[in-house]
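Please read the structure below before turning to the comments.
The values are calculated or read from the model by the stated rules, or taken from the named source; none is laboratory data. Everything numeric in this text was worked out from a predicted model, so none of it was measured. Here the Cβ is made from the backbone with ideal geometry for all residues, glycine too, and neighbour counts use every protein chain on show.
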């Protein structure tokens, strides 16, 4: 079983580092057959297209994205995991595990993500949390920490359950976090893999169920999912020109085509713009009662957003800043922020900070300034 303290620390890091990604409105785009779909920029979290993004739906095997990420970040990839009878007997898609055999956690992850092995997922869950039930509780905590609002999992594989659901937006958030993990990204972009098959004269040969890896040049992940209730689902990622997009389609009539159309739309219709650079000056601001008359105002952090290529006027910048702040001011003190909107919809915000310390002026400084201004 994985270390529970490590799990808690990892959850807190996720909350502090990633926060909750901002959402943008649905774009003017048609031709998607899926009942629910979303296109998100992996770098910024900006939503470029959405169709029923918050509607609760069964996720099928797209569940395994969160299962794998949880295992990677809380366990040790070299650990040997013994397969239980429960894991070996799990119904549905399988890598044909037998009770009592042992595989590394790494091999089980390849089996879960590439071949979509439900048996591998149960073995992973029991390794991480001791039982499927406790692992499901951990998944729900992790999902909430990522900013999801419409997700509740009861198992690690996505087999049908009325209380096992999510939505397109939440799956995009989960995938965005998962793709930030190097090991996860390595697994989901792998087309074919050979792993051990203890007790057999041959090894297990895994072939990725994500056909997009062969049919779309820029594709590099993520996970398929199919059940009668969920229909054909796909979380997909594609990278081009130093940008990575995430597409989610649920209950799709053409999941491969839907994702390709979304990617082409995102890559061709949006351009990346670095609107703020940490430490760069935003403006000079006059200070009241300060030893210095003004202070440089700096961006606290970097911020990049995607802007429609054919609509240069879509971007709107709305600053909110303290007018004539009074000294003393500390270096790094927050004195305002700038919000960015695309077509009237919020896409991001950057804090504005004082670039240097400004001490309160001495009484004679006021007199000196008054005399100087009077003489001029």
* Structure fact -> Residues in the range 78-94 that are closer than 21 Å to residue 223 by Cβ and part of a loop (DSSP other than H, G, I, E, B) total 5
* Would it be correct to say that residue 305 is over 20 Å from residue 360 (Cα atoms) and either touching a strand residue (DSSP E or B) at 6+ places or on another chain (Cβ under 7 Å) or surrounded by fewer than 17 Cβ atoms within 10 Å (Cβ to Cβ) (or both)? -> yes
* Specify which of the listed residues (97, 69, 77) is under 26 Å from residue 243 (Cα atoms), modelled with pLDDT of 95 or more and assigned by TED's automatic domain parsing to the domain that holds residue 154. => 69
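Any residue at all in the range 232-247 that's touching a strand residue (DSSP E or B) at 6+ places or on another chain (Cβ under 7 Å), free of Cβ contacts under 8 Å to residues at least 40 places away in the same chain, assigned by TED's automatic domain parsing to the domain that holds residue 42 and under 18 Å from residue 112 (Cβ atoms)?
Residues of the range 232-247 touching a strand residue (DSSP E or B) at 6+ places or on another chain (Cβ under 7 Å): 232-239, 243-247.
Next cut, free of Cβ contacts under 8 Å to residues at least 40 places away in the same chain only: 232, 236, 238-239.
Pick out the ones that are also assigned by TED's automatic domain parsing to the domain that holds residue 42 and you get 232, 236, 238-239.
If we keep only those that are under 18 Å from residue 112 (Cβ atoms) too, we end up with 236.
Yes; the residues of the range 232-247 include at least one that is touching a strand residue (DSSP E or B) at 6+ places or on another chain (Cβ under 7 Å), free of Cβ contacts under 8 Å to residues at least 40 places away in the same chain, assigned by TED's automatic domain parsing to the domain that holds residue 42 and under 18 Å from residue 112 (Cβ atoms).
I'd like to verify a number: residues in the range 303-345 that are on the phi > 0 side of the Ramachandran plot and either in a strand (DSSP E or B) or not assigned by TED's automatic domain parsing to the domain that holds residue 359 (or both), how many? I'd like the intermediate steps shown before the answer.
Step one: filter the range 303-345 for residues on the phi > 0 side of the Ramachandran plot, giving 324, 332, 336, 343-344.
When the remaining residues are screened for being either in a strand (DSSP E or B) or not assigned by TED's automatic domain parsing to the domain that holds residue 359 (or both), the result is 336.
Residues that pass the stated criteria total 1.
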* Check whether at least one residue in the range 275-283 is on the phi < 0 side of the Ramachandran plot, surrounded by fewer than 20 Cβ atoms within 10 Å (Cβ to Cβ) and under 21 Å from the mean Cα position of the chain (by Cα), and report yes or no. => yes
* Can you name the number of the only condition in (1) more than 21 Å from the chain's Cα centre (by Cα); (2) in contact (Cβ under 8 Å) with a residue 12 or more places away in the chain; (3) not assigned by TED's automatic domain parsing to the domain that holds residue 346 that residue 225 fails? -> (1)
* Asked: In the range 108-126, which residue that is in contact with a strand residue (DSSP E or B) (Cβ under 6 Å, 6 or more places away or on another chain) and outside any helix (DSSP H, G or I) is surrounded by the most Cβ atoms within 10 Å (Cβ to Cβ)?
  -> 114
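Considering each of 262, 217 in turn, give the residue that is crowded, with 23+ Cβ neighbours inside 10 Å and outside any strand (DSSP E or B).
Numbers: 217 fails: crowded, with 23+ Cβ neighbours inside 10 Å.
Just one listed residue meets the conditions, 262.
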* Report, by residue number, each residue of the range 274-302 that is in contact (Cβ under 8 Å) with a residue 60 or more places away in the chain and within 13 Å of residue 348 (Cβ to Cβ). => 275, 276
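Only residues that are touching a helix residue (DSSP H, G or I) at 6+ places or on another chain (Cβ under 9 Å) and not in a loop (DSSP other than H, G, I, E, B): list them for the range 183-212, please. Even if it seems obvious, please write down each step before you answer.
Kept after step one, since they are touching a helix residue (DSSP H, G or I) at 6+ places or on another chain (Cβ under 9 Å), are these residues of the range 183-212: 183-185, 187-191, 193, 195-196, 204, 206, 208-212.
183, 184, 185, 187, 188, 193, 195, 204, 206, 212 - these are the residues of the range 183-212 that are touching a helix residue (DSSP H, G or I) at 6+ places or on another chain (Cβ under 9 Å) and not in a loop (DSSP other than H, G, I, E, B).
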* Selected residue (criterion: surrounded by the most Cβ atoms within 10 Å (Cβ to Cβ)) from residues of the range 346-376 that are in a loop (DSSP other than H, G, I, E, B) and modelled with pLDDT under 85 -> 361
* Out of the residues in the range 8-63 that are at pLDDT 95 or above and part of a helix (DSSP H, G or I), state the one that is nearest to residue 140 (Cα to Cα). => 63
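Determine which member of the set 197, 218 is in contact with a strand residue (DSSP E or B) (Cβ under 6 Å, 6 or more places away or on another chain), more than 27 Å from residue 81 (Cβ to Cβ) and in the same structural domain as residue 43 (by TED's automatic domain parsing). Spell out the reasoning first.
Working: 197 fails: more than 27 Å from residue 81 (Cβ to Cβ).
Of 197, 218, the one residue that is in contact with a strand residue (DSSP E or B) (Cβ under 6 Å, 6 or more places away or on another chain), more than 27 Å from residue 81 (Cβ to Cβ) and in the same structural domain as residue 43 (by TED's automatic domain parsing) is 218.
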